Every structure is written in C-alpha cells, then in structure tokens.
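**Student:** Let me begin by handing over the structure; questions about it come next.
The values are calculated or read from the model by the stated rules, or taken from the named source; none is laboratory data. Please read these numbers as outputs of a predicted model, since none were measured by experiment. For neighbour counting, all protein chains shown are included, and Cβ atoms are generated from backbone atoms with ideal geometry for every residue, glycine included. Note: accessible area is taken over every heavy atom of the protein model, side chains too, but ligands, DNA and RNA are not part of it. Shrake-Rupley method; radii C 1.70, N 1.55, O 1.52, S 1.80 Å.
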Amino acid sequence: MASALRILVLEDNPPDAELAVRALKTAGWRVEWRCVETEQTFRQALEAESWDLILADFSVPGFGAAAALEHLQHTNRDLPVIVVSGSIGEEMAVTLLRAGAYDFVMKGHLTRLASAVERALREAEQRREKQLAEQERGVLATRWRLLLAHALDGVVLQQAVR
C-alpha cells in the first residue's frame with residue numbers, strides 16, 4: 001500500500017482545513033495531516049516532522065501564506081505550497097506564485113485541489129531529480145579535473161567524428 005500524503009495545513013479555521021482534506025480523500029488520496037494556526041506552531045511542526053506538502057490559507061491572522069513562503073525560503077526548505085483562500089485577488093495570487101507558491105485554490109472550488117496537489121508533487125519531484133543530476137554532474141566534473149591535474153602521464157582525449 002502506498003504511503004500516506006503528509007500535509008501540514010496552515011489554517012485558522014479548522015472546519016476549512018477538514019474540508020480541504022476531505023476533498024483530497026474524496027479524490028482518492030490517503031492523507032495524514034496536521035493543522036496549525038500560528039507562526040510558532042508552524043515552525044515547530046516543520047522541525048518535528050517531515051511533510052510532503054503545505055496547504056496555507058492566505059488570511060491567517062499574523063502568519064498567512066506569504067509569511068510561510070518567506071519562512072520556507074529563509075530556511076532553504078523545498079516544500080510545495082498551495083495557497084487555499086476564500087478571498088484572494090488576482091494580483092495577490094500572482095504575487096504569491098512569484099514568491100514560490102505552486103498554485104492557489106479558492107475554498108469554494110476545492111474539487112480543483114486534488115489536481116493542484118498532484119501537479120505540485122510531480123513538479124517538486126522533477127525539481128529534486130534535476131538538483132540531484134546537477135550535483136552528480138558537479139562531482140563528476142571535479143573528479144575529472146582532479147584526475148587531469150594530478151596525472152603523472154600525459155592524457156589525450158578524443159571524440160569520434162562521424
């Protein structure tokens with residue numbers, strides 16, 4: 001059986017968090033989740049557990065989606081964030097996307113949440129694979145550089161031309 005999707009929900013209205021989770025369960029996801037309402041509990045949850053995704057309400061008093069995105073960037077955490085809001089303007093949605101949010105979903109259209117989550121998880125996995133490939137390429141380049149710099153004999157590199 002596949003492991004459960006672990007979601008940290010930043011929401012000041014627990015029934016709204018439950019509706020979002022129910023929408024994912026209805027779409028077939030197995031979900032383990034925790035709801036936090038403050039900056040302190042958000043930070044504690046990030047430190048204490050491993051999460052696959054963050055659902056963040058835009059309008060949590062004192063610490064909403066924008067602050068959560070900023071915190072993730074400052075701590076170099078690579079977690080997909082989907083903003084869930086009852087009222088967000090187009091301009092603010094674009095600002096949040098530029099700040100690193102993967103998507104935004106209106107609370108009145110939670111049927112779209114499952115596809116947004118699927119896309120965010122897929123993009124996050126692709127980004128991780130790309131970072132890993134870049135790290136491996138850097139290690140290989142370093143090895144070649146060291147090999148050539150410390151070779152006792154001459155080295156000739158050839159490339160076949162067709």
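**Student:** Within the set of pairs 6+ apart or on separate chains, which have a first residue in the stretch 23-44 that is basic (K, R), a second that is open to solvent by 60 Å² or more (accessible area, probe 1.4 Å), and C-beta atoms under 7 Å apart?
**Tutor:** As it stands, the answer is R30/A2, since those pairs meet every condition given.
**Student:** Please find, among A141, A124, the residue that is more than 24 Å from R30 (Cβ to Cβ) and at pLDDT below 85.
**Tutor:** Of A141, A124, the one residue that is more than 24 Å from R30 (Cβ to Cβ) and at pLDDT below 85 is A141.
**Student:** Would you please list the contacts, defined by Cβ atoms under 6 Å and residues six or more apart or on different chains, that run from a residue in the stretch 67-92 that is within 16 Å of I7 (Cβ to Cβ) to a residue that is surrounded by fewer than 20 Cβ atoms within 10 Å (Cβ to Cβ) and hydroxyl-bearing (S, T, Y)?
**Tutor:** Going by the 6 Å Cβ cut-off, there are no qualifying pairs.
**Student:** Is it the case that L72 is touching a Leu at 6+ places or on another chain (Cβ under 8 Å) and under 23 Å from R128 (Cβ atoms)?
**Tutor:** Spelling it out, L72 is indeed touching a Leu at 6+ places or on another chain (Cβ under 8 Å) and under 23 Å from R128 (Cβ atoms).
**Student:** So which of A124, A151 is hydrophobic (A, V, I, L, M, F, W, C), surrounded by 11 or more Cβ atoms within 10 Å (Cβ to Cβ) and over 22 Å from A17 (Cα atoms)?
**Tutor:** After applying the criteria, what remains is A124.
**Student:** Evaluate the following for V117: is it in contact with a Pro (Cβ under 9 Å, 6 or more places away or on another chain), crowded, with 20+ Cβ neighbours inside 10 Å, modelled with pLDDT of 90 or more and not in a loop (DSSP other than H, G, I, E, B)?
**Tutor:** It is true that V117 is in contact with a Pro (Cβ under 9 Å, 6 or more places away or on another chain), crowded, with 20+ Cβ neighbours inside 10 Å, modelled with pLDDT of 90 or more and not in a loop (DSSP other than H, G, I, E, B).
**Student:** Let me ask you something else. Return the residues of the stretch 127-147 that are open to solvent by 80 Å² or more (accessible area, probe 1.4 Å) and over 23 Å from A101 (Cα atoms); say none if nothing qualifies.
**Tutor:** Matches in the stretch 127-147: E134, Q135, E136, R137, L140, R143, W144, R145, L146, L147.
**Student:** Just give me the residues in the stretch 54-76 being among the charged types (D, E, K, R) and in contact with a helix residue (DSSP H, G or I) (Cβ under 7 Å, 6 or more places away or on another chain), in sequence order.
**Tutor:** D57, the sole residue that qualifies.
**Student:** Counting residues that are open to solvent by 50 Å² or more (accessible area, probe 1.4 Å), which strands (runs of 3 or more DSSP E) fully inside the stretch 2-92 reach at least 2?
**Tutor:** 31-36
**Student:** Shifting gears a bit: Identify, please: which residue in the stretch 45-55 is touching a residue at least 40 places away in the same chain (Cβ under 8 Å) and not aliphatic (A, V, I, L, M) and is, among those, nearest to L121 (Cα to Cα)?
**Tutor:** My answer is D52.
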